[in-house]
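A.B. asks: I'd like to ask you about the structure that follows.
Every read-out reported here was derived from the displayed coordinates using simple, explicitly stated rules and does not represent laboratory data. From a predicted model like this one, the values you see are computed outputs, not experimental measurements. All Cβ positions, even for glycine, are placed from backbone atoms using ideal geometry, and neighbour counts span all protein chains on display.
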Amino acid sequence: IARGGMGRIVSAEDPNLGRTVAMKLLLQGKAEHTGIQLRFTEEAQITGQLQHPNIVPVHELGLTPDGDLYFTMKRVNGRTLRDILRQIRRRDEVTVRTYTRSRLLNAFKQVCLGVAYAHSRGVVHRDLKPSNIMFGDFGEVLIMDWGLAKILPRALPGKVQSHRSGQSRWATRHGEVIGTPGYMPPELALGQLDDVDERADLYSLGAILYEIVTLRPTYTGRDARTILKKMLQEPLIPPSERAPELDVPPDIEAICLKCLAKPIKERYASALELHDAIEAFLEGALERDRRRAQGQQALDEARAHGEQYRALTRRVNGLAGQIAQIRAALPPWAGVERRRELWAAEENLDAARRDRTEAYTRAAQAYRHALEQDAELEAAREGLAQLYWQAFREAEQHKDRGNELHYEALLRDLLRAHPQPQFARRLAGDGALAVQTDPPGVRAVLFRVEPVDLVFTPVEPRDLGTTPVRLEPLAMGNYLLVLRAPGLREVQLPLRIGRLEQAEVEVKLYSDAHLGRSFVYVPGGRFELGGDPEAHWALPPGGRELPAFCIARLPVSCRQYQDFLDALATQDLDEARRRRPRLFAQGGFLFEERDGRFYIPDADPSGNPWDPNWPVMGVSAQDAEAYCAWRSQVDGVIYRLPTEFEWEAAARGADGRPFVWGERWEPTYCNCAHSRAHAASLEPCGSFPTDRSPYGVLDLAGGVADWTSTPVADGHERIIRGGSYNQLELYARAASRQAAPQDSVALHVGFRLARDP
């Protein structure tokens, strides 16, 4: 049947049991050597005591009638692993189809169990190789040829015994090479027999596994000496590099390399551990471990990119704020020299935005890759949700509705499959509102604000009772709080409940007599100003605390200004003449003067009938302040021009709307160049009820623009706010700003009064 270096195996019949067995006999010339006889006997005794399904059983040890030693074993019909691998290398279709990698690995697991059992009995095989592993025709996998086995000297329960193991005279001597080159471990190749333990077999098992997955031995050479030299001196080529066409799984490669580690302590500690590693691979556990490791690596990368994204977001916002500051300080007519700083900052902003987009993309891809590798990696899912949330909040804060919806959809899709309560709460955005008044006990009614024909309109009143009150939860959104008390002016306070905002308002109420019927009361608080990218020369975005103030519901009319001129003429006629509405700073007067009195003309310069209730125009900021001083004397109240911050706060309320009525432009909602079918013209103050701010201030988007008390940096110019009858959308935006010398005049610029409550 087979022939080896010490014996031969023949087929024999057992007459007593009527079965065919395999009989192993010593070769001629070997039988006379006592040491060989003892080793032969030891093989039989060791194998006979190893009773395991994966170890060939020994039936009998004895002498032939001629006095030759023999032992009989189970006769196994099949083929060795060596033959199988050879046929696979030759691409034999039947063998390739029958012995798949999965089947060979499962068989290898059985070999590991057999070796583990032998180790548990104190036996090391020392010559494991493909030719010593038999595949039976009926699924058996057997470890053969225990002729070089060694019984370990340490005491073990149930340890295998043999006659030879107790006779040191016949023990294998230090320096003697035992095993087969290509499969023996370095310690056997070097004859370091005192170092040999169970892990020697682990190396051999690794070499067998290597050959199973690569179809090539670990080392090759023209002779045994060459193979041993390579094994001792050259690094092992990893399986994936040795056989790239076979797609060796990384986990199997790692198992091979661990078994084949030259330092003994780096190998698996036992054959059972090796068996478990193979089993885990076959069951997918190692694949999951690999994917977990890759997922963790991707998570680390995602976190790094995410931190870069956050840093770049801070940089983008900082640069955007810097640019807004530069623009706010830079008049529209500034020359190239003054604009270079702005252009450089804009280039830096563009570059930072590109870098931020790239960092976001890489972070999102890495988080998604981490989850693809390990779907249970909660840190990656939470990190991705946090990334989406940050991008969503950026879009929301910058009123980028398209990206806001995009990132919200991404986040909701992620949460739909794997809910995360903290993000669900953030997306819902519910906040709270606490209201205190002076005096207390004021009736509070809260309206939700919704666009109706583009106009933000109070709907669905909700009686909150009397102050102080607290409402929680309160859905995020725009509201109008109406406060009513007998004898006191009704207060209309626009509110915006931001995401998760805990809003607290304190409002002092006054009587009509105290505030003046022609004035609108704006309670103090924090107002979000500027930040409209489509406005002209807007303020940089940001919050500003403003004390309570009052602002005139309507601009000063021509009739009111006529009264001022007539009163001024009684004291200083020349000054009254100089302060008449005019086309130019020093001439082109519009009001006629006769006998020390002033008269509104019948028609404007364009020929339109002149209505005394038109807003006054063609006056300078200095004229407007002179009017304030006169009215202050008449009424006994200190009047002034509004600051530009007060003007914008009164126009936009709390929600930062771009137009006084809402989000979208509609030319028929204010007196502008396109409001009527006829040519643009002034109309009486208050003619457009839709040109009304959240507090009830009229004619801020159209009619005439308003001088403010706010100077430009050089002090000679003043800020002008609001749209006018001969302008379009740009200047009707509540955040738009203009500037002009304080002594200049224009037919589209007038003014309105302000005062402290």
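A.B. asks: Between ASN106 and GLN436, what length comes free when the chain is fully extended (0.36 nm per residue of separation minus the Cα-Cα distance, one decimal in nm)?
C.D. replies: 111.1 nm
A.B. asks: With all distinct Cα pairs included, what does the Kirkwood hydrodynamic radius of region 80-283 come out to in Å, to one decimal, could you say?
C.D. replies: Kirkwood radius, region 80-283: 17.4 Å.
A.B. asks: Continuing with the same structure: Quick check on packing: order 75-85, 57-67 by the mean number of other C-beta atoms within 10 Å, highest mean leading.
C.D. replies: Highest mean packing first, the order is 75-85, 57-67.
A.B. asks: With only alpha-carbon pairs counted, each pair once and no self-pairs, how large is the Kirkwood hydrodynamic radius of region 486-532 in angstroms?
C.D. replies: 13.0 Å
A.B. asks: Go through 121-132, 212-223 and give me the packing order, highest mean Cβ count within 10 Å leading.
C.D. replies: Ranking the peptides 121-132, 212-223 by packing returns 121-132, 212-223.
A.B. asks: Evaluate E = 1/(1 + (r/R0)^6) for LEU272 and GLU307, where r is the Cβ-Cβ distance and R0 equals 35 Å; express this FRET efficiency to the nearest 0.05.
C.D. replies: 0.20
A.B. asks: Sort out for me the Cα centre separation of region 218-261 from region 701-743, rounded to whole Å.
C.D. replies: So the two Cα centres are separated by 82 Å.
A.B. asks: Another question about this same structure. Which of these values of mean projected area of the Cα convex hull in nm² was calculated from the structure shown: (i) 53.3; (ii) 45.3; (iii) 65.3?
C.D. replies: Evaluating mean projected area of the Cα convex hull in nm² on these atoms matches (i).
A.B. asks: Quick one: check the C-alpha center-to-center distance for region 507-550 versus region 415-439, whole angstrom.
C.D. replies: About 27 Å separates the Cα centre of region 507-550 from the one of region 415-439.
A.B. asks: Still on this structure, I have one more. Give the total of Lys-Lys pairs in the chain with Cα-Cα distances below 19 Å; include a pair only if its members are 8 or more places apart or on different chains.
C.D. replies: Close lysine pairs found across the chain: 12.
A.B. asks: Distance from the Cα centre of region 16-62 to that of region 614-660, in angstrom?
C.D. replies: That distance is 116 Å.
A.B. asks: Can you tell me the FRET efficiency between ALA334 and GLU592 if r is taken as the Cβ-Cβ distance and R0 is 45 Å, rounded to the nearest 0.05?
C.D. replies: About 0.70, to the nearest 0.05.
A.B. asks: In region 231-264, which residues have a backbone nitrogen under 20 Å from the label point lying 7 Å from ASP300's Cα in the Cα-to-Cβ direction?
C.D. replies: Under cut-off, by backbone N: 250-251, 254.
A.B. asks: Taking 7 Å along the Cα-to-C-beta vector as the label spot, tell me the ASP350-THR20 distance in nanometres, rounded to one decimal.
C.D. replies: 8.8 nm
A.B. asks: If Lys and Arg each add +1 and Asp and Glu each add -1, what is the summed charge of the other residues whose beta carbon sits under 9 Å from the beta carbon of MET134?
C.D. replies: 0
A.B. asks: Please work out how much length the chain gains when fully extended from ARG79 to GLN622, using 0.36 nm per residue of separation minus the C-alpha to C-alpha distance, in nm with one decimal.
C.D. replies: 184.3 nm
A.B. asks: So how far apart, in nm, are the two label points at ARG484 and ALA585 if each is 7 Å from Cα heading toward Cβ?
C.D. replies: Those two pseudo-labels are separated by 5.2 nm.
A.B. asks: Compute the signed sum of charges (Lys and Arg +1, Asp and Glu -1) over the other residues within less than 14 Å, Cβ to Cβ, of HIS536.
C.D. replies: Local net charge: -1.
A.B. asks: If packing is taken as the average count of other Cβ atoms within 10 Å, what order do 303-309, 692-698, 11-17 fall into, highest mean first?
C.D. replies: So the peptides 303-309, 692-698, 11-17, ranked by packing, come out 692-698, 303-309, 11-17.
A.B. asks: Follow-up. If r is the Cβ-Cβ distance from ASN613 to SER511 and R0 is 41 Å, what FRET efficiency results, to the nearest 0.05?
C.D. replies: 0.90
A.B. asks: Which values of log₁₀ I(q)/I(0), to two decimal places, follow from the Debye formula for region 505-661 at q = 0.12, 0.20 Å⁻¹ with a uniform point scatterer at every Cα?
C.D. replies: Taken in order of the listed q values, log10 I(q)/I(0) reads -0.67, -1.23.
A.B. asks: Around ASP699, what is the net charge, scoring Lys/Arg as +1 and Asp/Glu as -1 over all other residues with Cβ under 11 Å from its Cβ?
C.D. replies: Once all neighbours under 11 Å are counted, the net charge is 0.
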